[in-house]
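Structure first, then comments.
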Amino acid sequence: MKRAIGIFDSGVGGLTVYQAIRNTFPNEDIIYFGDTARVPYGPKSPNTIIDYSLQNARFLLQQGIKILIVACNTSSAVAIPALQNLSDIPVIGVIEPGAEQSVKVTKCKRIGVIGTEGTIRSGAYPSAIRKLLPEAFVVSSACPLFVPLVEEGWQEHPVAEVIAEEYLKEMKEQNIDTLVLGCTHYPLLSNIIQQVMGEEVTLVDSAMAVAEYLSCYLSAENDGQKGRDSFYVSDNENKFAEIAERILQHNIGNLTRVRLYESWFKD
């Protein structure tokens, strides 16, 4: 039986990771879970984030996945060790691939990171970057309003530019040449972020970095058999479908709401 790639996120932002993986691996089956009942994860405590992440992973493991992709930057920042203890399948977060890509593209070794409060508070990106490039100067900033802007479909709205200018003002003063978009929602604001930061700053899309990183585990060869997609959420199916259509530019099928507490006892 063909085993799928499992992806979880706190909501819809991880669809940017799903899309990058789907484009890179057209033959693979993918199961996506968005924890829309408990989004956002960013302001929550590390213990709560770990608990939620373990519950999400258990659900996907019950579907017989072969690789677990933690598309949520906040979960990737604090829950990867706990998730790796659940199973012997590979567990891939977004932090390491994003850090690796930023080190590859930076020329002056001055790197910025933007993300949710939880991701920035964890210090996971600066730590991962400095492991690869000890002399790197890394500056981080939380941009919590970027997520609701995306979920409202306001990526091109004038208010998005005003908020981006405010959030990125100090980042621009640091003379960075690389900016890591440390939240899966943020690539959807890349046009405005690029405009504010200037063309001389390279944006690192963690979704694309994950897809590239996944090539270490999977072949991207196309055998002509299109992979199947299954989407699950913990709440608000209609809202998820609406936002997903804006992100992916097509309708999603096979969307199901699940109650995680019911699945815990099926192991």
- Query: Quick one: C108, C72, C143, fewest Cβ neighbours within 10 Å first, how do they rank?
  - Reply: C108, C143, C72
- Message: Among (i) 17.6, 54; (ii) 18.7, 76; (iii) 18.7, 63, only one was calculated for this model; which label is it, if the read-out is Rg and Dmax of the Cα atoms in Å?
- Response: (i)
- Query: How large is the charge dipole for the chain, taken about the Cα centre, if only the Cβ atoms of Lys, Arg (+1) and Asp, Glu (-1) carry charge, to the nearest 20 debye?
  - Reply: 660
- Note on the structure: From the Cα centre of region 51-73 to that of region 152-214, the distance in Å is 27
- Point-to-point label distance, K107-K172, nm (Cα→Cβ direction, 7 Å offset): 2.0
- Where is the GNM fluctuation largest for the chain (alpha-carbon springs, 10 angstrom cutoff): V113, V210, V103? V103
- Task: Could you list D35, D177, D9 in order of exposure, starting from the residue whose Cβ has the fewest other Cβ atoms within 10 Å?
- Result: D177, D35, D9
- Relative contact order [Cα under 8 Å, 6+ residues apart], region 95-206, whole percent: 36
- Note on the structure: Partner lysines whose C-alpha sits under 17 Å from that of K44, ignoring same-chain residues fewer than 8 away, are none
- Message: I need the shape label for region 47-164. Rule: rounded when a/c is under 1.5, else prolate if a/b > b/c, else oblate, with a, b, c from the alpha carbon gyration tensor.
- Response: oblate
- Only Cα pairs under 8 Å and at least 6 apart count here; give the relative contact order of the chain as a rounded whole percent. 27
- Message: Between L83, L179, L255, where does the largest GNM mean-square fluctuation fall for the chain, given springs only between Cα atoms within less than 10 Å?
- Response: L255
- May I ask you to list the lysines whose Cα is less than 26 Å away from that of K2, ignoring any residue fewer than eight positions away on the same chain? K66, K226, K266
- Message: Helix-only mean residue ellipticity at 222 nm, the chain, DSSP H runs n ≥ 4 weighted -39,500 (n - 2.57), per residue, nearest 500. What is it?
- Response: -12500 deg cm²/dmol
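Every read-out reported here was derived from the displayed coordinates using simple, explicitly stated rules and does not represent laboratory data. Quick caveat: nothing in here was measured; it's all calculated off a predicted structure. All Cβ positions, even for glycine, are placed from backbone atoms using ideal geometry, and neighbour counts span all protein chains on display.
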